[in-house]
Amino acid sequence: MFKNFIFSIVCFLIFFSCKKNKTEFNILTQIPHVKQTILKQGATTFKRNYYYNSEGNVIKDSLFKNGIYQGGVFYTYKGDSVFRNTTLLSIGSYPIGYLIDKNNKLATKAFYSNQPNTLTEDTLIYQNGFLITETHSYQVFSPFSVLYKNTDYTYQNENLRTIIESNSTSSDSKRWNYTHVSDTVSTIENLNFGLSWLGKQNTTGIRSECYSISTNPLSISCVNYKYIYDDKKRIISKITLGSDTTNYIYY
């Protein structure tokens, strides 16, 4: 009788321990996932709330301006595709869907909502998980023509160093150069926003970003950044020197 009792207690403890260990694992906390960003621009505050599935992929982010809901971006995952839908009023063109390579789980195509008689898409090429080439093509069928914008990315020590953008309608090329903060880890990359299928970006935080145009190389504009970290070495503030501050809250 006593042995049976002891055996029951041991089984209970093993079961409870296994259950506890199982529930303790949370990808949102094991890999820092951003829960909310707060951007302050003068008297205006923009807040974005991020929501993820059990695999750590983003399923929704919602935007608030001075506390008023502006809309959201919604992601649906089906097979080898990611569908993106938004209710936000925004300037510019954003993908409505991505085709994911089932082997490396990275997006190889991005598709856009098109006007009649056009086909617009991005072709994405990676190296060791880092995006190195992005070709944005416009195929117009009436009359037929193909236009493109090509963007090349280079890295050093797993950090983005240059971006060069060229297009088929101009001889100009645009260039961005980056420097990085040493001895830190960046926690505001694609992975931290549930967008791992868009590739790796940086290991450390960007210190400076300088922009120039090939036809006027002396016209260079730079932006510098400063970071504040918490006791878990996560970025909690990104300060654009002389301008805005973005605060980060994590799960």
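The values are calculated or read from the model by the stated rules, or taken from the named source; none is laboratory data. All values derive from a computational prediction rather than experimental measurement. Using ideal geometry, Cβ is built from the backbone for each residue, glycine included, and neighbour counts are taken over all protein chains shown. Please note that ligands, DNA and RNA were not included when accessible areas were found on the heavy atoms of the full protein model with its side chains. Shrake-Rupley method; radii C 1.70, N 1.55, O 1.52, S 1.80 Å.
Computed in the context of the full set of protein chains, the accessible area of the chain at 1.4 Å probe radius has 56% of its extent on carbon or sulfur. Between the listed residues THR162, SER145, SER186, the Cα displaced farthest toward the positive end of the dipole of the stretch 145-186, a dipole computed from Cβ unit charges relative to the Cα centre, is found at SER145. Please give me, ordered by residue number, the GluC sites (Glu not before Pro) of the stretch 24-129 that lie in loop per DSSP and have at most 13 other Cβ atoms within 10 Å. Answer in residue order: GLU55.
Given +1 at the Cβ of Lys and Arg, -1 at the Cβ of Asp and Glu and no other charges, the dipole of the chain around its Cα centre is 880 debye to the nearest 20. Along the stretch 213-220 the Karplus relation, 6.51 cos²θ - 1.76 cosθ + 1.60 evaluated at θ = phi - 60°, assigns HN-Hα couplings of 10, 4, 6, 8, x, 7, 8, 10 Hz to successive residues, with x for each Gly and Pro. Considering only TYR98, ILE235, SER173, the residue lying farthest towards the positive end of the dipole of the chain is ILE235, judged by Cα position with unit charges set on Cβ.
Here the average projected area of the convex hull drawn through the C-alpha atoms of the stretch 103-251 stands at 11.7 nm².
Here the 3J(HN,Hα) profile of the stretch 102-114, calculated from phi with Karplus coefficients 6.51, -1.76 and 1.60 at θ = phi - 60°, is 5, 7, 9, 6, 10, 6, 9, 9, 10, 10, 10, 6, 9 Hz, Gly and Pro shown as x.
If you take the Cα centroid of the stretch 23-52 and the Cα centroid of the stretch 104-144, the two points sit 29 Å apart.
With all protein chains kept in place, the per residue accessible area of the chain amounts to 63 square angstrom at a probe of 1.4 angstrom. Here's how it looks for GLY97: its modeled amide H is under 5 Å from those of ARG84, PHE111, which are all 5 or more places away or on a different chain.
Per residue, the chain reaches -3500 deg cm²/dmol at 222 nm when only DSSP H runs of four or more residues are counted, each adding -39500 (n - 2.57). Calculate how steeply helix 2-24 sits against the longest principal axis of the alpha-carbon atoms of the chain, using the helix alpha-carbon long axis, and give the answer as 0 to 90 degrees to the nearest 10. On a 0 to 90 degree scale, this one is about 10.
The alpha carbons of the stretch 21-63 occupy a box of 46, 16, 12 Å along the principal axes, longest dimension given first.
Over all directions, what mean area does the Cα convex hull of the chain project, stated in square nanometres? Before the final figure, lay out the partial values.
On the way: hull surface 80.3 nm².
If you wrap the Cα atoms of the chain in a convex hull and average its projections, you get 20.1 nm².
The charge dipole of the stretch 152-251, taken about its Cα centre with unit charges on the Cβ atoms of Lys, Arg (+1), Asp and Glu (-1) only, comes to about 140 debye. Translational diffusion coefficient of the stretch 32-154 (Stokes-Einstein, Kirkwood radius from Cα pairs, 20 °C, 1.002 mPa s): 129 µm²/s.
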